[in-house]
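Data block below; observations after.
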């Protein structure tokens, strides 16, 4: 997918991606010559078609997770299908105010933990990793519901 | 009035949407994961109800019992049964940053199947907007198969057996995803209807230059549990005819064996291989596969 600024005869550059949360997608492209920005807007079916391929317009911002598409999109998954084998560097999801011992790189607020517990177990471990990776990528030390909302929007985590 | 402008191929700068790059990365990820897999063989039939999943699970167990490191990938996403047939517990797949660890059967076969992921009796359904799901269902299933190949920690394997669903499309998906498909084993039952359907699959494999390692005729007669005699079950001679037409060996004729079916239902593949007529034939087919991939 390429966008051409016809007036300048210049290939436009991907600028940003937005997922408003209603299944649609907006991808903005900028002309390097005249700085004009155009947005490609896809409806939910078009968005689904792209995501079914396991790709994201503009590229990934955090690494892909194991069985990401399956775990994100399968309905009716077993609650006990997955067990997370968390390394020492993994997120501490104990409430921030209760934690003790060495400080982990990313902590979860109590409200964020409660919200995470509302995610089906089939996909919870993966969601946790994605939020943690997002926090690390963006230098965020504590994951709160606001951070989760931002990550959802930035990464297109519908339903997470 | 037409607007004059350059087209996609005229633009030489990289595709900044990175869609093509991501697809390339997906293929590279599959190749990297399977770098330690010495041979990948698909079991297919093109026709449903020929006992392919049972045969595949038994073949995997047979090869593992002969000392090979074997993986079993159930590519039948809609009607998965490899986990049940292999007698593995459908819970607790361990996920780490390196991927998902396959479940290991009692015979040492590393198994990955959609039936490890779905609730009992739940159909495979995808989260999707509204109707018209046919547009992306095929893409979803292909992506799921890709993830099963790329994201499962198969490790070093002598043989990865892939159980393909009925039809020909999944063979195409698999062939496009894999860096190398070393061959297919074709399963049929004796009937003319099966022969016609399986021929299409074999032609599809031939069109893609996938070697046909051999043909197995399943339900090739009924093994009477009382007298031990094998009697005809279906009219026809599809196994021999398909083998001759495609210049492939007939690897075996597997009798329908109620005791084998009963053992397979409970995932008891060791006694199936040791104590049943069907198991004996499939064990010999396993040996033939081992020889073929070597």
Alpha carbon centroid spacing (whole Å) that separates region B:41-95 from region B:220-276: 17 Å
Shielding score for B:96-106, defined as the mean number of other chain Cβ atoms within 10 Å: 3
Geometric extent, Cα atoms of region A:16-90 - Rg, Dmax (angstrom): 16.6, 54
Chain B: most fluctuating residue of B:12, B:188, B:199 per GNM, C-alpha cutoff 10 Å: B:12
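Within 10 Å of each Cβ in peptide A:55-61, how many partner chain Cβ atoms are there on average? Round it to a whole number, please. Walk me through the numbers on the way to the answer.
Values: counts 10, 4, 5, 5, 7, 3, 0.
Neighbouring Cβ atoms belonging to other protein chains average 5 per residue here.
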Stokes-Einstein diffusion coefficient of region B:69-115, Kirkwood radius over Cα pairs, 20 °C, 1.002 mPa s, in µm²/s: 197 µm²/s
Relative contact order (%) - chain A, alpha-carbon pairs under 8 angstrom, separation at least six: 19 percent
Highest-MSF residue in chain A out of A:25, A:69, A:53 [GNM, Cα springs under 10 Å]: A:53
Ranked list, fewest to most other Cβ atoms within 10 Å of each Cβ, for B:262, B:128: B:262, B:128
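State the volume of the convex hull built on the alpha-carbon positions of region B:1-95, expressed per residue in Å³ and rounded to an integer. Walk me through the numbers on the way to the answer.
Values: hull volume 22.3 nm³, N = 95.
Once divided by residue count, the hull of region B:1-95 is 235 Å³.
Going by how many other beta carbons lie within 10 Å of each one, how would you line up B:8, A:134, B:222, fewest first?
On the way: B:8 10, A:134 22, B:222 16.
Taking fewest neighbouring Cβ atoms as first place, the list is B:8, B:222, A:134.
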Peptide ranges B:89-97, B:170-178, B:213-221 listed from the most packed, as the mean C-beta count within 10 angstrom indicates: B:213-221, B:170-178, B:89-97
Among A:81, A:135, A:27, residue whose mean-square fluctuation peaks in a GNM of chain A (springs only between Cα atoms under 10 Å): A:81
Computed over chain B: relative contact order in percent, which uses C-alpha pairs under 8 Å that are six or more apart: 24 percent
If the convex hull is drawn through the Cα atoms of chain B, its volume per residue in Å³: 179 Å³
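In nm, what is the difference between 0.36 nm times the number of residues separating residue B:291 and residue B:237 and their Cα-Cα distance? Present the calculation step by step, with values, prior to reporting the outcome.
On the way: separation 54, 0.36 × 54 = 19.44 nm, distance 2.56 nm.
Computed gain between residue B:291 and residue B:237 is 16.9 nm.
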Sites residue B:119 and residue B:36, calculated FRET efficiency, Cβ-Cβ separation with R0 30 Å, nearest 0.05: 0.35
Ellipsoid equivalent to the protein assembly as shown - semi-axes via the Cα gyration tensor, in Å: 45, 28, 18
Computed lengthening from residue B:21 to residue B:266, 0.36 nm per intervening residue step minus Cα-Cα distance: 83.7 nm
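Run the numbers on region B:59-133 and let me know its relative contact order in percent, using alpha-carbon pairs under 8 Å that are six or more apart. Provide the component values of the computation, followed by the final result.
On the way: 96 pairs, mean separation 25.8, N = 75.
Contact order relative to length: 34 percent.
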Rough spin-label spacing in nm, given labels placed 7 Å along Cα→Cβ, for residue B:94 and residue A:36: 5.7 nm
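Coordinate-derived values only; no laboratory data. Just so we're clear, the structure is a prediction, and the values are computed from it rather than from any experiment. All Cβ positions, glycine included, derive from the backbone under ideal geometry; neighbour counts span all protein chains shown.
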